[in-house]
Amino acid sequence: MKKGIFLLLVFNSLIFMNAQEIINLPIDMPTEITWHHDEKEYYSDIWKTQVITNVSIPTMQVFSPARENNTGTAVIIAPGGGLYAHSINTEGNDVATWLTKKGITAFVLKYRLVPTGEDGVAEISLLGTKNPSMITEKVSKMMPFSISDGLTAVAYVRTHAKKYGINPKKIGFMGFSAGGAVAMGIAYSYTAKNRPDFLVPVYPWTTQMDVQKPKKDAPPMLVICASDDPLDLASGAIELYNSWHNEGLNAGIHMYAKGGHGFGMRKNGLPSDTWIERFYDWSITEELVSSKK
């Protein structure tokens with residue numbers, strides 16, 4: 001019994017050490033969108049993972065590496081979920097925990113989401129079969145605010161880089177699915193103060209965010225996707241890569257034959273399970289992250 005209590009205390013202390021701080025990001029509240037329900041976290045039986053819905057106030061949770069292990073690099077993580085939810089563990093907290101072990105400071109961003117009822121996952125799942133055009137309509141209204149939250153997050157981390165032991169020239173943005181669309185929106189609209197230093201769109205929602213011509217000073221980008229993505233995002237991922245490559249910009253791509261959609265940090269017994277290790281290899285090669293000695 002005493003051993004069990006000791007292990008629980010150690011486990012809780014490790015969580016506390018990694019998740020040190022919640023940052024409330026400044027925003028302009030939209031007048032045309034209203035949230036009638038509070039932010040909610042729960043386990044979705046539909047998606048088989050922990051989710052958060054009804055985010056009306058954007059926040060970031062900070063995951064800091066051990067001081068002696070800090071590489072000075074930061075990654076802002078935008079989970080996916082169709083802008084109706086955040087897949088907060090498999091595309092958020094679990095990613096952040098892995099990165100901190102490599103000496104990377106991670107910020108899990110909860111950007112604003114489409115207002116829903118008690119179960120946002122059930123809502124988007126039903127609309128996906130009954131009225132998919134309604135998803136597009138609602139997401140299109142919300143997307144500019146979600147992108148704005150991403151830009152604000154980059155600017156915040158850069159402004160407070162010294163506090164977190166971060167190199168202000170090594171701040172990346174990693175987005176999954178809808179979060180990948182947010183990453184693309186950031187790539188097309190950044191300014192000097194909120195330009196990310198590298199981008200990692202993971203199975204980005206290119207059917208919602210059209211691929212556009214990148215800016216001349218667009219940051220290095222690594223695109224990750226699976227050919228068998230059931231949302232037909234493989235073609236868009238390739239188009240996104242080509243849009244960088246054709247302009248002579250720095251870009252890489254990992255296209256897995258199998259992996260489906262939403263694999264994140266799930267273990268499916270496929271090569272796509274190790275995508276985050278390939279990101280780390282790329283970041284070292286591009287000198288975006290300093291390898292641990």
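The values are calculated or read from the model by the stated rules, or taken from the named source; none is laboratory data. Please read these numbers as outputs of a predicted model, since none were measured by experiment. Backbone-built Cβ (ideal geometry, glycine too); neighbour counts: all protein chains shown. For accessibility, only protein heavy atoms count, side chains too; no ligands or nucleic acids. Shrake-Rupley method; radii C 1.70, N 1.55, O 1.52, S 1.80 Å.
Output yes when any residue across the stretch 133-143 is hydroxyl-bearing (Ser, Thr, Tyr), over 26 Å from Asp28 (Cβ atoms) and in a helix (DSSP H, G or I), and no when none is.
Going through the stretch 133-143, the residues hydroxyl-bearing (Ser, Thr, Tyr) turn out to be 133, 136, 140.
Imposing the further condition that a residue be over 26 Å from Asp28 (Cβ atoms) reduces the set to 133.
Still in the running and in a helix (DSSP H, G or I): 133.
Yes: the stretch 133-143 contains one or more residues that are hydroxyl-bearing (Ser, Thr, Tyr), over 26 Å from Asp28 (Cβ atoms) and in a helix (DSSP H, G or I).
Whether any residue in the stretch 232-251 is among the acidic types (Asp, Glu) and either within 23 Å of Thr49 (Cα to Cα) or in a strand (DSSP E or B) (or both) is what I want to check.
Our first condition is that a residue be among the acidic types (Asp, Glu); within the stretch 232-251, this holds for 232, 239, 247.
If we keep only those that are either within 23 Å of Thr49 (Cα to Cα) or in a strand (DSSP E or B) (or both) as well, we get 232.
Looking for residues that are among the acidic types (Asp, Glu) and either within 23 Å of Thr49 (Cα to Cα) or in a strand (DSSP E or B) (or both), one finds at least one in the stretch 232-251, hence yes.
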Among (1) over 23 Å from Glu287 (Cα atoms); (2) part of a loop (DSSP other than H, G, I, E, B); (3) of a type in the set (A, V, I, L, M, F, W, C), Ile166 falls short only on (1)
With the condition kept exactly as written, say whether any residue in the stretch 34-56 is small (Gly, Ala, Ser), closer than 30 Å to Ser290 by Cβ and out of contact with any Lys or Arg (no Cβ under 8 Å at 6 or more places or on another chain). no
Please go through the stretch 17-72 and give me each residue that is of a type in the set (Val, Ile, Thr), open to solvent by less than 70 Å² (accessible area, probe 1.4 Å), out of contact with any Leu (no Cβ under 7 Å at 6 or more places or on another chain) and modelled with pLDDT of 95 or more, ordered by number. Ile23, Thr49, Val51, Ile52, Val62, Thr71
Kindly evaluate Ile135 against the criterion of being on the phi < 0 side of the Ramachandran plot and crowded, with 24+ Cβ neighbours inside 10 Å. no
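Pick out the one residue from Glu91, Glu118 that is among the acidic types (Asp, Glu) and under 14 Å from the mean Cα position of the chain (by Cα). Working first, answer last.
On the way: Glu118 fails: under 14 Å from the mean Cα position of the chain (by Cα).
So the residue among Glu91, Glu118 that is among the acidic types (Asp, Glu) and under 14 Å from the mean Cα position of the chain (by Cα) is Glu91.
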Looking only at residues in the stretch 204-263 that are charged (D, E, K, R) and within 18 Å of Thr274 (Cα to Cα), which one is least open to solvent (accessible area, probe 1.4 Å)? Asp229
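Please pick out the residue among Gly80, Gly92 that is open to solvent by less than 40 Å² (accessible area, probe 1.4 Å) and either assigned to a loop (DSSP other than H, G, I, E, B) or at pLDDT below 95 (or both). Lay out the reasoning, then the answer.
Values: Gly92 fails: either assigned to a loop (DSSP other than H, G, I, E, B) or at pLDDT below 95 (or both).
Checking each option against the conditions leaves just Gly80.
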Residues being within 12 Å of the chain's Cα centre (by Cα) and among the aliphatic types (A, V, I, L, M) - total across the stretch 125-181: 5
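With the structure loaded, tell me whether Ser291 is open to solvent by 10 Å² or more (accessible area, probe 1.4 Å), modelled with pLDDT under 95 and hydroxyl-bearing (Ser, Thr, Tyr) or whether it fails that test. Walk me through how you get there before you give the answer.
On the way: open to solvent by 10 Å² or more (accessible area, probe 1.4 Å): yes; modelled with pLDDT under 95: yes; hydroxyl-bearing (Ser, Thr, Tyr): yes.
In short, yes.
Is it the case, given these coordinates, that Ser125 is open to solvent by less than 50 Å² (accessible area, probe 1.4 Å), in contact with a Leu (Cβ under 8 Å, 6 or more places away or on another chain) and of a type in the set (Gly, Ala, Ser)? Steps first, please.
Working: open to solvent by less than 50 Å² (accessible area, probe 1.4 Å): yes; in contact with a Leu (Cβ under 8 Å, 6 or more places away or on another chain): no; of a type in the set (Gly, Ala, Ser): yes.
In short, no.
What are the residues in the stretch 271-288 that are out of contact with any Pro (no Cβ under 6 Å at 6 or more places or on another chain) and open to solvent by 60 Å² or more (accessible area, probe 1.4 Å), if any? Before you say what the answer is, go through the steps one by one.
Of the residues in the stretch 271-288, the ones out of contact with any Pro (no Cβ under 6 Å at 6 or more places or on another chain) are 271-285, 287-288.
Of everything in the stretch 271-288, those that are out of contact with any Pro (no Cβ under 6 Å at 6 or more places or on another chain) and open to solvent by 60 Å² or more (accessible area, probe 1.4 Å) turn out to be Pro271, Glu277, Arg278, Asp281, Thr285, Glu287.
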Please determine whether any residue of the stretch 261-280 is polar (S, T, N, Q) and in a helix (DSSP H, G or I). yes
Collect the residues in the stretch 95-122 that are among the charged types (D, E, K, R) and either within 28 Å of Asn167 (Cβ to Cβ) or open to solvent by 10 Å² or more (accessible area, probe 1.4 Å) (or both), keeping them in residue-number order. Lys101, Lys102, Lys110, Glu118, Asp119
How many of the residues making up the stretch 59-93 are within 18 Å of Ser148 (Cα to Cα) and in contact with a strand residue (DSSP E or B) (Cβ under 6 Å, 6 or more places away or on another chain)? 12
